[in-house]
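Undergrad: A single structure is presented below for examination.
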Amino acid sequence: MNDLIDVDVFDQEFLGYMKEQKHILMMYEVLDDYRFVASKFIADGLNANDCCIMATAAYSHELVLQDLEELGISTHDKIEEGSLFLIDVNQHYSSSDGFVPEKTLNGWRDFTSSAVAKGYNNVRAVGEATFCLGENDL
């Protein structure tokens, strides 16, 4: 992605969308492209004192933490204060029977209710859906 577009222009346009509270659907063939967008989306939220939740699979928690640290986020502090949650897609979206929509929606609702109860005005969520690709990997 970085080779295809002007990163500074992308950042400004993307951050503008986020500030307008629009939703985005990110679909990528390359994990690095997804990482680029998702990490900036979450870093911007953490800098704005939003509660941020990431449900990840191929984008491992270790990679998320690395990317956020490179963007100047003290991930340990954000996790400790409860503004950053990293959860596993397989625990949040599915059970032994596969994808469970009701479980997923209830989980997002619970996270949102918890964030509101803690006084956050906004919740940012990134939910990776590589599980629905079956055996295909990014």
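The values are calculated or read from the model by the stated rules, or taken from the named source; none is laboratory data. All figures in this text were calculated on a predicted structure; none of them were measured in a lab. A quick note on method: Cβ atoms are made from the backbone with ideal geometry, for glycine too, and the neighbour counts reach across all protein chains shown. Side chains included, ligands, DNA and RNA excluded: accessible areas come from the protein's heavy atoms. Shrake-Rupley method; radii C 1.70, N 1.55, O 1.52, S 1.80 Å.
Undergrad: When the residues of region 85-102 are narrowed to those that are surrounded by 15 or more Cβ atoms within 10 Å (Cβ to Cβ) and in a helix (DSSP H, G or I), which ends up modelled with the highest pLDDT?
TA: VAL89
Undergrad: Identify all residues within region 112-138 that are open to solvent by less than 50 Å² (accessible area, probe 1.4 Å), part of a loop (DSSP other than H, G, I, E, B) and at pLDDT 85 or above; write none if there are none.
TA: TYR120
Undergrad: If we keep just the residues of region 59-82 that are closer than 20 Å to TRP108 by Cβ and among the hydrophobic types (A, V, I, L, M, F, W, C), which is surrounded by the most Cβ atoms within 10 Å (Cβ to Cβ)?
TA: So in region 59-82, the residues closer than 20 Å to TRP108 by Cβ come out as 59, 61, 64, 78-79, 82.
With among the hydrophobic types (A, V, I, L, M, F, W, C) added as a condition, the list becomes 64, 79.
Details: VAL64: 20, ILE79: 13.
For region 59-82, the residue satisfying everything is VAL64.
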